[in-house]
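Every number here is computed from the coordinates shown, using simple stated rules; none is lab data. What you see is a predicted model, and the numbers here were worked out from it, not measured in a lab. Because the Cβ atoms are built from the backbone with ideal geometry, glycine has one as well, and the counts that use them run over all protein chains shown.
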């Protein structure tokens, strides 16, 4: 090549001929942040479950966004909070002989639950503002993250709406409000996982178009099953019908037992026979759908990561069903704390796996 030839080489050709250096993954910190917040939401669900299982959710009878950050710091302050708790039906009907020391235990469970909610809010809002200012949050991602921020704010309001239902004329929160609260947390968890995965472009998986829809149906049914589980928890239905596969000798409880509440709509939320039967049906339907989807994935894309994920979900659904059955058999006047939390926490893991599976097929 002559000197003239070398002078005619364009800058673009020179760049193409140079060794290619992988582009820096500028969104890696954003993904790490979203996964971290998802982990906090998972922890929040566990703490919420412990709060419910220890009957702690009604121990704080006011919603004080700022002044509620600190627990009582003096003996007189503790007595004031205890007197407030003594005014609600849960204390008068269930725990009329509760000492102050026991009240402090349930108070700290609910206080910790509320503080964790505030921590999650800050852990989402502050990094969001920082990443936005750095120019890493652009386009549709802005609206997705603002939507998640709004979901978090709504979750706080729904939490108080739930608690307030148990302060008058009830000894527990309304089951439908508990289900709404848990479903919002679950939807937020799924959305965080989905957005985080969507920030890393991957190659399209084999037969994704043919598997994506059933994966979405599977994810939707997982959410429905979480909601049904919340109704069982909220109505204390797990304390009844502690046999499996039959419910006290029958696959389905007598119709009269499933429809004995007035008005009729209450049976869908508060009737222990109805909600536990629906939760069991949901588990059977979920397992059937997971198996069908896994066989379909094996037939269309056997040996791929999509098929492996589908069969992993089947195994997780079976494990979750086993935890539910074990919890039923272990009931003795109350749900065992360890098994109850394992059942609720593993449900979130199955839900997270369902979200990962669907999102990877939707790339």
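Taking the average, over residues, of other Cβ atoms within 10 Å as the packing measure, peptides 205-211, 304-310 rank 304-310, 205-211 from highest down. Going from the fewest other Cβ atoms within 10 Å to the most, the residues 221, 53 appear in the order 221, 53.
Shape class for the chain, computed from the alpha carbon gyration tensor (a ≥ b ≥ c): oblate, with a/c not under 1.5 and a/b at or below b/c.
Length gained on full extension, residue 64 to residue 299, computed as 0.36 nm times the residue gap minus the Cα-Cα distance: 79.0 nm. Compactness ratio for the range 159-238: Cα radius of gyration over 2.2 N^0.38 Å (N = residue count) comes to 1.49.
Can you grab the distance from the C-alpha centre of the range 38-92 to the C-alpha centre of the range 134-166, Å, no decimals? First find each Cα centre; the distance between them is then 22 Å. A helix-only calculation puts the chain at -23500 deg cm²/dmol for mean residue ellipticity at 222 nm, using -39500 (n - 2.57) for each DSSP H run of at least four residues, averaged over all residues.
With the Cα gyration tensor of the range 241-317 giving a ≥ b ≥ c as the square roots of its eigenvalues, does the rule (a/c under 1.5 for rounded; else a/b larger than b/c for prolate; else oblate) give rounded, prolate or oblate?
prolate
Axis of helix 140-164 versus longest Cα principal axis of the chain: the two differ by about 10°, to the nearest ten degrees.
Taking packing as the residue-averaged number of other Cβ atoms within 10 angstrom, the listed peptides 102-108, 240-246, 315-321 run from highest to lowest as 315-321, 102-108, 240-246. Going by neighbour counts of Cβ atoms within 10 Å, the residues 101, 164, 250 line up, fewest first, as 101, 250, 164. On the principal axes of its alpha-carbon atoms, the range 205-363 has extents of 50, 33, 25 Å, going from largest to smallest. Here r is the Cβ-Cβ distance between residue 119 and residue 319 and R0 is 25 Å; the resulting FRET efficiency, rounded to 0.05, is 0.25.
In the range 173-187, whose amide N lies under 16 Å from the spot 7 Å out along Cα-to-Cβ of residue 261? List them in ranges. The answer is 173-181. Ordering 262, 172 by the number of other Cβ atoms within 10 Å of each residue's own Cβ, fewest first, gives 262, 172.
If you find the alpha carbon centre of the range 231-309 and of the range 327-349, how far apart are they in angstrom? One Cα centre to the other: 16 Å.
Full extension of the chain between residue 213 and residue 31 yields a length gain of 63.0 nm, computed as 0.36 nm times the residue separation minus the alpha carbon distance. Quick check: from the Cα gyration tensor, does the range 277-363 come out rounded (a/c under 1.5), prolate or oblate? It comes out prolate by the Cα gyration axes. Among 335-344, 133-142, the peptide with the highest mean count of other Cβ atoms within 10 Å heads the list, and the full ranking is 335-344, 133-142. Placing R0 at 35 angstrom, the Cβ-Cβ distance between residue 288 and residue 138 gives a FRET efficiency of 0.25 after rounding to 0.05.
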